[in-house]
Amino acid sequence: MPEEDSKLQGLIKDSEKILIIQADNPDGDSLGSSIALEQILTDLGKDVFMFCAVNIPAHLKHLTGWSRVSNELPSKFDLSIVVDTSSITLLDKMDGIDLGLLKSKPCVVLDHHKVENSIDFASLLINRPVVATGELIYELAKSLGWPLNAEAKDMLATSIMYDSLGLMSSATSPSTIRIIADL
């Protein structure tokens, strides 16, 4: 098991209330990944809250669970997990929010984009060359023995299908296709 997976496992084990944060440009990967991660962490007994500083676009409101995403940051949480971005510029809409609260707690970034991490308050960055953050979360679930209920599987598949353009993008790998088959 990679060292970063072990660190993530420890951070989650030590946290009761977990905040999942999406970037200001929600898409099928970020929303699908958020909902899948919410399902996984809830099944692990965690109290999970999903946040996005902007409203979820109408074209994503067909995804089960979109309505559980709030644009109000909770006042209490033990750990935050940023999904599908490692760029602070994609969190610009959080300017009116007290970032001190985020910076005072451990923060994990789960991303697949080939950009330099600019979220300076991140305690742990897990960035792997996969087609979607959903694929990364699937790999973490397998590595860490996380449960995948039906909604989590559906949202991981949705995430992968969005960012892979229906398994047609050049970033789609044989592993991606095996994961979709498994899901």
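Please determine whether any residue of the range 40-55 is charged (D, E, K, R), surrounded by 21 or more Cβ atoms within 10 Å (Cβ to Cβ) and within 22 Å of Glu151 (Cβ to Cβ). Looking for residues that are charged (D, E, K, R), surrounded by 21 or more Cβ atoms within 10 Å (Cβ to Cβ) and within 22 Å of Glu151 (Cβ to Cβ), one finds none in the range 40-55, hence no. Run down Ile126, Ile137 and say which single residue is among the aliphatic types (A, V, I, L, M), in a strand (DSSP E or B), in contact with a strand residue (DSSP E or B) (Cβ under 8 Å, 6 or more places away or on another chain) and closer than 23 Å to Asp43 by Cβ. None of the others qualify; the one that does is Ile126. The set of residues in the range 40-60 being within 14 Å of Asn25 (Cα to Cα) and either in contact with a His (Cβ under 8 Å, 6 or more places away or on another chain) or not hydrophobic (A, V, I, L, M, F, W, C) (or both) consists of Asn55, Pro57, His59. Contact map, the range 140-151: residues that are closer than 19 Å to Thr64 by Cβ and in contact (Cβ under 8 Å) with a residue 40 or more places away in the chain paired with residues that are of a type outside the set (A, V, I, L, M, F, W, C) and surrounded by 18 or more Cβ atoms within 10 Å (Cβ to Cβ), Cβ distance under 6 Å, separation 6+ or inter-chain. Pairs shown: Asn149/Gln39; Glu151/Gln39.
Thr64 meets the stated requirement of being surrounded by fewer than 20 Cβ atoms within 10 Å (Cβ to Cβ) and modelled with pLDDT under 95. Scanning the range 71-95 for residues that are in contact with a strand residue (DSSP E or B) (Cβ under 8 Å, 6 or more places away or on another chain) and open to solvent by 30 Å² or more (accessible area, probe 1.4 Å) yields a count of 5. For the range 103-149, the candidate set comprises residues that are closer than 24 Å to Leu73 by Cβ, surrounded by fewer than 22 Cβ atoms within 10 Å (Cβ to Cβ) and among the charged types (D, E, K, R); within that set, the residue that is modelled with the highest pLDDT is Lys105. The single condition among (1) among the polar types (S, T, N, Q); (2) over 25 Å from Leu63 (Cα atoms); (3) not in a loop (DSSP other than H, G, I, E, B) that Ser159 does not meet is (2).
The values are calculated or read from the model by the stated rules, or taken from the named source; none is laboratory data. Predicted, not measured: the structure shown is a model, and the values here were computed from it. Quick reminder, even Gly has a Cβ in these numbers, built from the backbone with ideal geometry, and neighbours come from all protein chains shown. With ligands, DNA and RNA removed, areas are computed over all heavy atoms of the protein, side chains included. Shrake-Rupley method; radii C 1.70, N 1.55, O 1.52, S 1.80 Å.
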